[in-house]
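Laboratory data are not the source of any read-out in this text; all were calculated from the coordinates shown. Given the structure is predicted, the values throughout are model-derived calculations rather than measurements. So basically every Cβ, Gly included, is an ideal-geometry build from the backbone, and we count neighbours across all protein chains shown.
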Amino acid sequence: MKQRTLASPVEFTDLGLHTGKPVTLKACPAEPNHGLVFVKKHKDDYRLKVSVDHVHGISRGTNLSDGNESIYTFEHLMAAIGALHLTNLTLEIDSDEPPILDGSGIEFYQNFVDAGIVEQDVELPQYRVVKTCEVEDNDAVLIAYPSNEFSISYTLDYSGTMIGVRHLKVNFQDIDPAEKLLRARTFCLLEEVEHQHRAGQALGGSLRNAVVVDGQKCLNEEGLRFPNEFAWHKIMDFYGDMNVFGFPILGKFVGIKSGHRTNIRLLKKMIEEECLVREVGLEDGESLDLNDIKRIIPHRYPFLLVDRIVRMEVGKGAVGIKSVTGNEEFFNGHFPDRPLMPGVLIVEALAQVAGVCLLSMMGNYGKTPFFTGLDSVRFRKPVYPGDQLELEISVLKLRGGTGKVDGVARVNGQVHVEGKLSFMIK
């Protein structure tokens, strides 16, 4: 996938859900790698970037805060942004929360589509759940499982009301988000509205932008937009919350009475416990070429010593190739009359393969690896111009930002260099 932005600005004006005051949000195109950034026009253009570190899930919404400034209840906007895979936007706003519009994400989505989408020539990495992760909050549960798809199986329980117990399974890759997902409106019980009003909240809420249920009765004259709109809205909330991560996620999720608090807690826990790894898509016969490698590790000419990655299990091991030619810079001085590849550079090449393997892990993307030690290194045979090095590493230990790998460099199946490499990632 590629990063994306809007072709032209688009503006939304309505009330804020909690303040009840008019708010204008202007979504503007942004350059690659800019990310999603709110600019608070009423606070001297204060910039607040959407990131997992700044996100907090509460009982009735998802908030963004860096400790100084905040944006409240922005999950519907994030669902629409995620549905179009928009990755780079400047979001100019003159209040502390986006406009509520009709209580769903469809107006954001439709106006974004009308403004036009621009695909940018920068890769957008995808991440995969690689081990089960679970969070609980009283009687709410949300679990992530490894999968080749992005899906959720959700159970909603409002027993004793017309909402009742509802179940819905959605594979996000198989649906048109504009059909139901983004059209599902926020909902609440009448007694919840009365409680929020007494607390000075939901002052902009009305039957125009929410479905309100009183016991076994829906107070909205038009009723529901479609069957199971309640469960669809909870899944839209989940979808918007997952999109604050900034990258597509492959995983199967199971939620029981879960909401914003559990959504954000699970997302943060998956990152902290390294349940997510960067998906590199290496199938049989495929490889990472030089450009792919340069997107992952910071090394450049003349010190990039890996030409291709031919096999990799992220965080566990990899095999790279270095074709040694007579034009290598180091042969000018090592040695003019008898060119040999320096042994330390072969070790460095092994370290770079390890770097590709480990910097592809969630939490390490964009960081830099540093040597901290070498153990049991042996130089068995020299490497000459024309040789092709097969560089294999296996991860022995990985804890926090430090670890150790076993490395073996071969030519035609014979071991030329081997040893253990220790490192830290910062």
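Quick check: from the Cα gyration tensor, does segment 17-97 come out rounded (a/c under 1.5), prolate or oblate?
Since a/c stays below 1.5, the shape of segment 17-97 is classed as rounded.
Using θ = phi - 60° and the Karplus curve 6.51 cos²θ - 1.76 cosθ + 1.60, what whole-Hz ³J(HN,Hα) does each residue of segment 187-197 get, with Gly and Pro shown as x?
Working through the residues one at a time gives 9, 6, 8, 4, 5, 5, 4, 4, 5, 5, 5 Hz.
Counting helices only, and only those DSSP H runs with n ≥ 4, report the 222 nm mean residue ellipticity of the chain as the sum of -39,500 (n - 2.57) divided by its residues, in deg cm²/dmol to the nearest 500. Let's see the in-between values first.
Working: 7 runs with 79 residues, N = 426.
After summing the helix terms and dividing by the residues of the chain, the value is -5500 deg cm²/dmol.
Once the Cβ-Cβ distance between His195 and Ser65 is put in as r, and R0 is 35 Å, what FRET efficiency do you end up with, to the nearest 0.05?
Computed FRET efficiency for His195 and Ser65 comes out at 0.90.
Taking the 0 to 90 degree range and rounding to the nearest ten, how far is the long axis of helix 106-115 tilted relative to the main principal axis of the chain, both from C-alpha atoms?
Around 60 degrees separate the two axes.
Highest mean first, how do 43-56, 126-139, 13-26, 86-99 rank when packing is the count of other Cβ atoms within 10 Å averaged over residues?
Numbers: 43-56: 14.7, 126-139: 16.5, 13-26: 18.1, 86-99: 21.9.
With the highest mean Cβ count within 10 Å placed first, the list reads 86-99, 13-26, 126-139, 43-56.
Could you tell me the calculated FRET efficiency between Lys426 and Lys49, based on Cβ-Cβ distance and R0 = 30 angstrom, to the nearest 0.05?
Values: r = 21 Å, r/R0 = 0.70.
Calculated transfer efficiency: 0.90.
For each cysteine in the chain, check whether another cysteine's C-beta sits under 4.7 Å from its C-beta; list those where none does.
By the Cβ distance rule, which asks for a partner under 4.7 Å, the isolated cysteines are Cys28, Cys188, Cys218, Cys357.
In the chain, if the dipole is taken from +1 on Lys/Arg beta carbons and -1 on Asp/Glu beta carbons about the Cα centre, which of Cys28, Pro382, Val52 is farthest to the positive end?
Result: Pro382.
Mind ordering 78-84, 411-417 by average Cβ neighbours within 10 Å, highest first?
Values: 78-84: 24.6, 411-417: 14.3.
So the order, starting with the most tightly packed, is 78-84, 411-417.
Give me, ordered by chain and number, the residues 5 or more places off Arg311 or on other chains with an amide H under 5 Å from its own placed amide H.
The answer is Val319.
If the label point is 7 Å along Cα→Cβ of Ala140, which residues in segment 245-273 have backbone nitrogen under 13 Å from it?
Once the point is set 7 Å along Cα→Cβ of Ala140, 255-267 turn out to lie under 13 Å by backbone N, inside segment 245-273.
In which sequence would Thr325, Thr186 go, from the one with the fewest C-beta neighbours within 10 Å to the one with the most? Walk me through the intermediate numbers first.
On the way: Thr325 10, Thr186 25.
Exposure proxy ranking, most exposed first: Thr325, Thr186.
Can you give me the angle between helix 343-359 and the longest principal axis of the chain, using Cα atoms only, in degrees from 0 to 90, rounded to the nearest 10?
10 degrees
I want to verify a result. In a Gaussian network model of the chain, Cα cutoff 10 Å, which of these has the top mean-square fluctuation: Gly205, Gly407, Gly333?
Gly333
Under a Cβ-only charge scheme (Lys and Arg +1, Asp and Glu -1), can you give me the dipole magnitude of segment 118-222 about the Cα centre, in debye to the nearest 20? List each step's numbers first, then the result.
Numbers: 10 positive and 18 negative charges, 39 e Å.
It works out to roughly 180 debye.
Does segment 281-425 come out rounded, prolate or oblate by the C-alpha gyration tensor, with a ≥ b ≥ c the root eigenvalues, rounded set by a/c under 1.5 and, if not, prolate when a/b is larger than b/c and oblate if not? Mind dumping the intermediate values first?
Details: a/c = 1.66, a/b = 1.44, b/c = 1.16.
Note, shape of segment 281-425 comes out prolate.
Helix 229-242 versus the longest principal axis of the chain: what is the Cα-based angle in degrees, 0 to 90, to the nearest 10?
On a 0 to 90 degree scale, this one is about 40.
Taking H placed 1.01 Å from N in the peptide plane, check which residues at least 5 places from His416 or on another chain put their amide H under 5 Å from its amide H.
Ala409, Arg410, Val411
For segment 288-365, report the % of Cα-Cα distances exceeding 21 Å. Numbers along the way, then the final one.
Working: 874 of 3003 pairs.
Beyond 21 Å sits 29 percent of the P(r) for segment 288-365.
About the Cα centre of segment 2-278, how large is the charge dipole given +1 on each Lys and Arg Cβ and -1 on each Asp and Glu Cβ? Please answer in debye to the nearest 20. It would help to have the intermediate numbers written out before the result.
On the way: 29 positive and 40 negative charges, 69 e Å.
Dipole about the Cα centre, nearest 20: 340 debye.
Which of Asp307, Asp121, Asp237 moves the most in a Gaussian network model of the chain with Cα springs under 10 Å?
Checking each option, the largest mean-square fluctuation is seen for Asp121.
Step through the table entries Lys2/Lys49; Lys43/Lys426; Lys49/Lys426; Lys40/Lys234; Lys40/Lys269, compare each Cα-Cα distance with 25 Å, and write down the pairs that go over it.
Details: Lys2/Lys49 20 Å; Lys43/Lys426 34 Å; Lys49/Lys426 22 Å; Lys40/Lys234 28 Å; Lys40/Lys269 29 Å.
Beyond 25 Å between Cα atoms: Lys43/Lys426; Lys40/Lys234; Lys40/Lys269.
Averaging sequence separations of C-alpha pairs under 8 Å and six or more residues apart, then dividing by the length of the chain, give the relative contact order as a whole percent.
15 percent
Considering the options Ser258, Cys218, Met236, tell which one lies farthest towards the positive end of the dipole of segment 172-280, charges being +1 on Lys and Arg and -1 on Asp and Glu at the Cβ, about the Cα centre.
Projecting each Cα onto the dipole axis, the largest value belongs to Ser258.
Show the residues, 5+ positions off or on another chain, whose built amide H is closer than 5 Å to the amide H of Thr73.
Here the answer is Thr62, Asn63, Leu64, since their amide H atoms fall under 5 Å of that of Thr73.
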